[in-house]
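The structure under discussion appears below in the form of structure tokens.
The values are calculated or read from the model by the stated rules, or taken from the named source; none is laboratory data. Predicted model only: the values in this text are computed from it and were never measured. Neighbour counts are summed over all protein chains in view; Cβ atoms, including those assigned to glycine, are modelled from backbone coordinates with ideal geometry. Just the protein is used for accessible areas: all its heavy atoms, side chains included, with ligands, DNA and RNA removed. Shrake-Rupley method; radii C 1.70, N 1.55, O 1.52, S 1.80 Å.
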Amino acid sequence: MASKPAATLRKTKPGDYVAIATGANEYCYARFYRDRTMGVLPVLSRGLVPLDEVSGFEPAFFARLWVYDDDPTPASVLGHRAFESEEASFPPAQYHPPDEFDPDYRIRGFKNAATYIKRTSNPEDVKGMEEYLKLQPGDLGSYLAKKKIDWPWLEGSQAG
């Protein structure tokens, strides 16, 4: 049964797989990493599907999850699969692009289980990295629609 994110998503641990509603009985799936980062899996469903149907997917992209107390987006933890190692539980390094307040790229990553931010003005230093993305649960559906995501749809059970 799906519940509100404040009750579900704030309690996730690295290795948890979660279904997050993107519409009426439609879900996207994510695996949680350290630092409240989720790896969004390239699969969608109508109705909830079991963990075994989504756990074989590798993340298509990473985003840091931001959950407000009053966010009404239904979410459900499907299960947990431990990472192979502590290092595997950390998301890949991502970057913040320059903006009107800061002319540098800021690379956010992990080294020896500690978060670091490295500054650079060289765009080559961020080549191949994902831009740092921060999303609320209710933003996932519109974000995927805006990106014109064309992922496979699975048929699951009705959410309770």
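Could you tell me which residue out of F57, P91, G47 lies farthest along the dipole of the chain toward its positive end? Charges go on the beta carbon: Lys and Arg +1, Asp and Glu -1, centred on the Cα centre.
Of F57, P91, G47, it is P91.
Using a 1.4 Å probe on the protein chains only, how many percent of the accessible area of the chain belongs to carbon and sulfur?
Values: 4300 of 8730 Å².
The value for the chain is 49 percent carbon and sulfur by accessible area.
Name the shape class, rounded, prolate or oblate, that the alpha-carbon gyration tensor gives for the stretch 83-160, where a ≥ b ≥ c are the square roots of its eigenvalues, rounded holds for a/c under 1.5, and otherwise prolate holds if a/b is larger than b/c and oblate otherwise. Write down the numbers at each step before the final one.
On the way: a/c = 2.57, a/b = 1.54, b/c = 1.66.
Oblate is the answer for the stretch 83-160, as a/c is 1.5 or above yet b/c matches or exceeds a/b.
What is the antiparallel percent of DSSP beta bridges lying wholly in the stretch 6-155, to the nearest 5? Before the final figure, lay out each step's value.
On the way: 32 of 39 bridges.
Just about 80 percent of them are antiparallel.
Placing +1 at every Lys and Arg Cβ and -1 at every Asp and Glu Cβ, with all other atoms neutral, what dipole size does the stretch 1-156 have around its Cα centre, in debye to the nearest 20?
Details: 20 positive and 23 negative charges, 52 e Å.
The calculation lands at about 240 debye.
Using the Karplus curve 6.51 cos²θ - 1.76 cosθ + 1.60 with θ = phi - 60°, what ³J(HN,Hα) values do you get for each residue of the stretch 57-66, in whole Hz, with x for Gly and Pro?
The phi angles translate into 7, 8, x, 7, 7, 10, 8, 7, 8, 10 Hz.
Hey, what's the per residue convex hull volume over the C-alpha atoms of the stretch 28-160, in cubic angstrom? Before the final figure, lay out each step's value.
On the way: hull volume 19.2 nm³, N = 133.
Convex hull of Cα atoms, per residue: 144 Å³.
Can you pull out the chymotrypsin sites (Phe, Trp or Tyr not before Pro) in the stretch 96-147 that DSSP calls coil and that have at most 13 other Cβ atoms within 10 Å? Could the numbers behind the result be given before it?
Values: sites: F101, Y105, F110, Y116, Y132, Y143; in loops: F101, Y132.
Listed in order of number, the matching sites are F101.
Going through the stretch 36-129, which trypsin sites (Lys or Arg not before Pro) have at most 15 other Cβ atoms within 10 Å and a DSSP loop state?
Values: sites: R36, R46, R64, R81, R106, R108, K111, K118, R119, K127; in loops: R36, R81, K127.
When the trypsin sites (Lys or Arg not before Pro) of the stretch 36-129 are filtered for loop state and at most 15 Cβ neighbours within 10 Å, R81, K127 remain.
Take M129, M38 and sort them by solvent-accessible surface of the protein heavy atoms, 1.4 Å probe, largest at the top. Could you put the intermediate results ahead of the total?
Details: M129 60, M38 0 Å².
So, going from the largest accessible area down, we get M129, M38.
Run the quick spin-label model on S121 and S55: label points 7 Å from Cα toward the beta carbon, then report their separation in nm to one decimal.
4.9 nm
Rounded, prolate or oblate: which one fits the stretch 1-101, using the alpha carbon gyration tensor with axes a ≥ b ≥ c (rounded when a/c is under 1.5, else prolate when a/b beats b/c, else oblate)? All intermediate terms of the calculation are to be shown ahead of the outcome.
Working: a/c = 1.62, a/b = 1.21, b/c = 1.35.
Judged from the Cα gyration tensor, the stretch 1-101 comes out oblate (a/c at least 1.5, b/c at or above a/b).
What do you reckon, how do D52, D125 stack up by accessible area (1.4 Å probe), largest on top? Intermediate results must be reported in sequence, preceding the final value.
Numbers: D52 115, D125 65 Å².
Descending accessible area places them as D52, D125.
Any chance you could look up the accessible area of T22 with a 1.4 Å probe, heavy atoms only, rounded to 10 Å²?
The value for T22 is about 50 Å².
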